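The values are calculated or read from the model by the stated rules, or taken from the named source; none is laboratory data. If you're wondering where the values come from, they're calculated on a predicted model, not measured in any experiment. Backbone-built Cβ (ideal geometry, glycine too); neighbour counts: all protein chains shown.
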Amino acid sequence: MNDEVWSMEPGRGNSILQLGAPRDEVLRRLAAAGIEVDEEDDEEDDESESLWSYVEEMDAELTFAGGPGQVLEEIAISDDRMQLGPIDLIDEPLCKVIELLRVVDEETVWTRWKDDVPPSDSNNDPPTGETAISAGESAVPPPADNKSPSARQLLSDGTLWIRPFGLGLVLVYGDVITVRLRRPGDVPSGGYGSLTAEQRELAAQDDLTSILLGRPPLRREARPRSSRFQQLAGLALVIGIGLVIWRAIDFQRRWNESPIAEGVVVAVNPPPPEPFPDEYTIAYHDESGTLHEVVFGRADMYGLPPVGGKIELRYLPEAPDEPLGPARVRDIAIETFIPWGVGVFVAYFVLQLAVAIVGWAWRRAETKNVRMA
């Protein structure tokens, strides 16, 4: 699927889902982008009523005006890949979204999904007792009990419309779950008032979901103590790297102070007249007088000693049969302990990744359980 379908512009949509475009044109563009649309069977519907189409791949519902125009009036999308420009909206808290969009309270209006009607439907028959509204605007009937919803109710299941953007943010317990896009003139003209300072303050609470459900805030002790574990993992990393460095320094010191033996090249492979042997067989005596032979590669040697040539060897007292040539003695600590250092870092990053994944899964499951309760 083309990434272009996920980026929306306020009051416009995008080049594929363009607000105000005829229905046939929108469906054609979706088909050209390889996106299937589930269309309603509207053969028996009143032609003056709005038409709906569902785009499963985008979790989006498209509302088209009834009548001969059948232009795209509203895009309601719930897929978390949707962005308004560079801004993520789906599954984000309302307080974060309105801060990023720099929303002015007076330019907003609250509605509830059950009260909303498409602009073209609201223009047909204004509710009894209501004055007719201007073309393009949709009316929201007053609540049956003439009581406005509380701040908690609006944050639990309300829709906050931002008029200049033609943008509706559908909320479930303070998080945006669906974004509705209309042309600015099609935003509901009435509702339950504008965003208030009280609602902003409530939306910014850390335990908003629990507050809206009337539950006591979640205790921190009940959550995974990932931060403390990460601190311990960081301390373990420092200690582990320190131990590796200390062992490397001590290991190098022991080799620098190890016994020296004079070895004699007794054979080379391939033998002369090949000028560059790959292997050298060297005989030497340790401090106890025991004769040993060792095979070195070209990388273990300085120069190309001939058969009968002498070479200085070093060995550890506990392993006289495992000597090193001069080319390897000076770097033996790095060669031996670099893999240990890499292993410590890899273990640390794997633990950090595992803790992050577990913490994310825990929080998501916790929020889901609270919302379903």
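General observations
- Qualifying residue in the range 38-46 (condition: surrounded by 13 or more Cβ atoms within 10 Å (Cβ to Cβ), at pLDDT below 90, outside any strand (DSSP E or B) and under 32 Å from the mean Cα position of the chain (by Cα)): no
- Strands (runs of 3 or more DSSP E) completely within the range 275-373 that count 1 or more residues being without any contact (Cβ under 8 Å) to a residue 24 or more places away in the chain: 279-285, 291-297, 319-324
- When Phe349, Phe345 are checked against the criterion of being farther than 20 Å from Asn256 by Cβ, loosely packed, with under 15 Cβ neighbours inside 10 Å and in contact with a helix residue (DSSP H, G or I) (Cβ under 8 Å, 6 or more places away or on another chain), Phe345 stands alone in meeting it.
- Among the residues making up the range 77-96, a single one is exposed (fewer than 15 other Cβ atoms within 10 Å of the Cβ) and of a type in the set (Gly, Ala, Ser): Gly85.
- Selection from the range 67-76 of residues that are surrounded by 14 or more Cβ atoms within 10 Å (Cβ to Cβ) and out of contact with any helix residue (DSSP H, G or I) (no Cβ under 6 Å at 6 or more places or on another chain): Gly67, Val71, Glu74, Ile75, Ala76
- Residues of the range 230-261 classified as out of contact with any helix residue (DSSP H, G or I) (no Cβ under 9 Å at 6 or more places or on another chain) and more than 21 Å from Leu316 (Cβ to Cβ), total: 6
- Being among the aliphatic types (A, V, I, L, M) and in contact with a helix residue (DSSP H, G or I) (Cβ under 8 Å, 6 or more places away or on another chain) holds for only one residue in Leu167, Leu208, Leu181, and it is Leu208.
- When Leu232 is tested against (1) within 30 Å of Gln352 (Cβ to Cβ); (2) surrounded by 13 or more Cβ atoms within 10 Å (Cβ to Cβ), exactly one condition is not met: (2).
- Scanning the range 251-261 for residues that are surrounded by 11 or more Cβ atoms within 10 Å (Cβ to Cβ) and not aliphatic (A, V, I, L, M) yields Phe251, Gln252, Arg253, Arg254, Trp255, Asn256, Ser258, Pro259.
- The number of residues in the range 312-321 being farther than 15 Å from Leu291 by Cα and either surrounded by 15 or more Cβ atoms within 10 Å (Cβ to Cβ) or of a type in the set (Phe, Trp, Tyr) (or both) comes to 1.
- Cβ pairs under 9 Å, 6+ apart, first in the range 98-111 and on the phi > 0 side of the Ramachandran plot, second among the small types (Gly, Ala, Ser): none
- Search result, residues across the range 263-274 that are surrounded by 12 or more Cβ atoms within 10 Å (Cβ to Cβ) and either in a helix (DSSP H, G or I) or not small (Gly, Ala, Ser) (or both): Val264, Val265, Val266, Val268
- Of all the residues in the range 262-302, those that are under 24 Å from Glu318 (Cα atoms) and modelled with pLDDT of 90 or more number 21.
- The criterion of being in contact with a Pro (Cβ under 6 Å, 6 or more places away or on another chain) and closer than 17 Å to Thr159 by Cβ does not hold for Glu92.
- Among the residues listed as Ala361, Ala354, Ala347, Ala319, the single one being of a type outside the set (Val, Ile, Thr) and within 30 Å of Gly214 (Cβ to Cβ): Ala361
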